[in-house]
Structure formats: structure tokens, C-alpha cells
1. Counting only protein heavy atoms and a 1.4 Å probe, tell me what percentage of segment 102-169's accessible area is made up of carbon and sulfur.
2. In nm, what is the difference between 0.36 nm times the number of residues separating Phe49 and Tyr74 and their Cα-Cα distance?
3. Compute the length gained on full extension between Gln121 and Thr152: take 0.36 nm times their separation in residues and subtract their Cα-Cα distance, giving the result in nm to one decimal.
4. Can you quote the Å³ per residue value for the convex hull of the Cα atoms in segment 86-169, rounded to an integer?
Amino acid sequence: MTAVAILGAGAAVAAAPAGAEPGSPCQLGWSNVEPRSCVQNSFNTGPVFTVGNGVCAGMFSVGGTAFDGPLYQYSEAPGTSHSVILRISQGFSLLGNWAPTLLACDVNAVIDWTNADTGQQGSVTRFIAAGQSSTYPAIFPVNTGPGRVHLTIRTDRPNVPVNLDVVVP
């Protein structure tokens, strides 16, 4: 029981970092104190398989973070609130950075989204170069608004899409 109380007290201390100001913008990977929560919901999807430019067979992986925001001035999308930031990387390498990337093709990634709570929907398209490895993924925001959001991740070529639902705070 004493160990639980000590661990609980340590978690409470770690939740409020020194120097965080109330009302300061969210920084993904950082935490602020009241009045905002800086809530984040992170996710990773299965691979999207596709045919790239020419006769290239490709695959890309998608990870992301849904957040309440607004994001700080040096982020991918300064001032963005209630959105999803996606990280897309091409192919895979058997030996990490020491070997060539396999299944990497130039493609246009297409993200279709529907907010089940507000009824809003949209689509975002972005060119993903074959060199966008997991070391340097392509990063871009999808402005969905708060609520339960359904995402379909696909390409503009023949592909096997991935679907996912995420809650945007």
C-alpha cells in the first residue's frame, strides 16, 4: 500500500512540468497545465499496399497523433487545433539505415475523413516520395475538428487501403 502511495505521488508530480504556463500552446511530446488538457491520441496503422509510378509495387506505413491544440509556432502546423498529424513513411529496410529501402515508390497518398459527430468530411492528398523513410517521414495535418473521426488511407493508384477510427479531442 505504501509503494502505491509513493508511485501515485510521483505520477502527480510528473504530470505538471516546471515552466509550463497556463494557456500556453500545446507541444506534441510536452505537457501543459490547466486550463487546457493537451490531450493526444496516438495511433499506427497496418501498411497500405499500392502500385506506384510505372510498374513499382509499394507500401507505406502511417502513424499519427490526434490532438486538441493549438500547436506551438515551430510545429508542422502552427496554431492548428482539434486535428490529426500524420507521419507517412515508404517501404521498409531489412537492416535499417544500412540497407536499401524495399517497396518504396513515388505515390500520392490520399486521406479521406469523416467526422461522425459533426458530419463534416474531407480529403487530403499529398505526394510521398520514395525516399520518405521511417527516419524522415512525410508529415502533414488533417483538420478534422473534434469528435469521432473515420480515416481511410489510400493512394490515387490501385491499392489496398487502411481504415481506422480515432477520437480527436
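1. Details: 1790 of 3410 Å².
Here it works out to 53 percent.
2. Details: separation 25, 0.36 × 25 = 9.00 nm, distance 3.25 nm.
That works out to 5.7 nm of additional length.
3. Numbers: separation 31, 0.36 × 31 = 11.16 nm, distance 1.14 nm.
So the chain would gain 10.0 nm between Gln121 and Thr152.
4. Details: hull volume 8.3 nm³, N = 84.
Taking the convex hull of the Cα positions in segment 86-169, it is 99 Å³ per residue.
The values are calculated or read from the model by the stated rules, or taken from the named source; none is laboratory data. Computed from a prediction, not measured in an experiment: that's the story for all the values here. The area values use the complete protein model at the heavy-atom level, side chains included, leaving out ligands, DNA and RNA. Shrake-Rupley method; radii C 1.70, N 1.55, O 1.52, S 1.80 Å.
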